[in-house]
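Report on the following structure.
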Amino acid sequence: MILLCGIPSESPIALVRERLVEMGIPHLVLSQRRFEEIAFHFEVSGGCVSGGLTLDGRTRDLDDFTAVYTRLMDDQSLPELAGESAGSPRRTRARALHDAVSQWYEVAPIRVVNRTAAMGSNGSKPFQAQAVTRRGLLTPETLITSDPELARAFVAEHERVIFKSLSGIRSIVREVCQADLDRLEHIRWCPVQFQAFVEGRNVRVHTVGEEVFATGISTEATDYRYAHRQGGEPAVLEAVEISDDLAAQCVALARDLDLPLAGIDLKIAPDDGVYCFEVNPSPAYSYYESHTGQPISSALARYLAEVE
């Protein structure tokens, strides 16, 4: 049985659930919004993991689950907890359930997409960059600094420069403009990552186990995800072919990071150089699938069910 953890209506969960239904694969949805109705416990003894999950009046042994797909949001941000004081009994219950579930699938000997420890790689862009270069992909000239003068020198050297956060928290990638240069003193309080702008076409590659889905993105925006905010037309997405060598590099990179499902952000430069900006460990693949028809959810369902 496959366990899906998260918000059932969220597109990545909903799509893979539809595919599992079509395939006739038994599965269960653990909706984190129902935290008050769920009982969960596990223990590790003698090298074995055991426990139980009770939902809708039925208790299932954790041994019944062969795989987990998790997209748990921060439980403290659940709508059901709006207005609850910090440390309230309801918040404490929600936190305890989420901790127990995530700790279980971190150690359970089953397929997990993706484990928390592996997703931690996205918390440090410099760490990911080292993994990227080991697989022969390029990374842009980069400066990480809290020194305004170093940042000004970097911009002067490269002329076109973008900036973004260092962590895995989503930020909007923007090109440095004069207004940004005028407020560079603010970076003294928070290091920022600056990168030389790379010309070329954006390509998002999703890897699901050994399967690869490449999506080309046409846009005038610096960050195609926010094209409407950056004053341009919406990005145009289409399925594209990439070389076997590049596909193999992407699969190997995801494997190095222990990510059965990954969203790898590339840019193909005019000289055919391939730059990698980030490996997303919890990609909202449904956005790309809805625009291109690429069967990413089917591949994910097959991976979870261990079906070729």
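A few notes on this one:
- L266 vs. criteria at pLDDT 95 or above and not in a strand (DSSP E or B): no
- Scope the stretch 166-216; condition within 30 Å of A248 (Cα to Cα), free of Cβ contacts under 8 Å to residues at least 60 places away in the same chain and aromatic (F, W, Y); matching residues: F194, F197
- As a summary of the residue check, A96 satisfies the conditions (1) part of a helix (DSSP H, G or I); (2) within 27 Å of P283 (Cβ to Cβ); (3) modelled with pLDDT of 95 or more except for the one numbered (2).
- Counting only strands (runs of 3 or more DSSP E) that sit completely within the stretch 35-89, those holding 1 or more residues that are open to solvent by less than 30 Å² (accessible area, probe 1.4 Å), touching a residue at least 12 places away in the same chain (Cβ under 8 Å) and hydroxyl-bearing (S, T, Y) correspond to 67-70.
- Selection of the stretch 113-138 for residues being within 9 Å of P281 (Cβ to Cβ) and either open to solvent by 70 Å² or more (accessible area, probe 1.4 Å) or not in a helix (DSSP H, G or I) (or both) yields only N114.
- Test: V101 is of a type in the set (A, V, I, L, M, F, W, C), at pLDDT 95 or above and under 25 Å from Y285 (Cα atoms): yes
- Residue-level analysis places E18 among those that are open to solvent by 60 Å² or more (accessible area, probe 1.4 Å), in contact (Cβ under 8 Å) with a residue 60 or more places away in the chain and either assigned to a loop (DSSP other than H, G, I, E, B) or out of contact with any Cys (no Cβ under 6 Å at 6 or more places or on another chain) (or both).
- S102 under 18 Å from the mean Cα position of the chain (by Cα), touching a residue at least 24 places away in the same chain (Cβ under 8 Å), over 29 Å from F194 (Cα atoms) and in a helix (DSSP H, G or I): yes
The values are calculated or read from the model by the stated rules, or taken from the named source; none is laboratory data. It should be emphasised that the depicted structure is a prediction, and the values quoted were computed from it without experimental measurement. All Cβ positions, even for glycine, are placed from backbone atoms using ideal geometry, and neighbour counts span all protein chains on display. Keep in mind that these areas ignore ligands, DNA and RNA; they rest on the heavy atoms of the full protein, side chains included. Shrake-Rupley method; radii C 1.70, N 1.55, O 1.52, S 1.80 Å.
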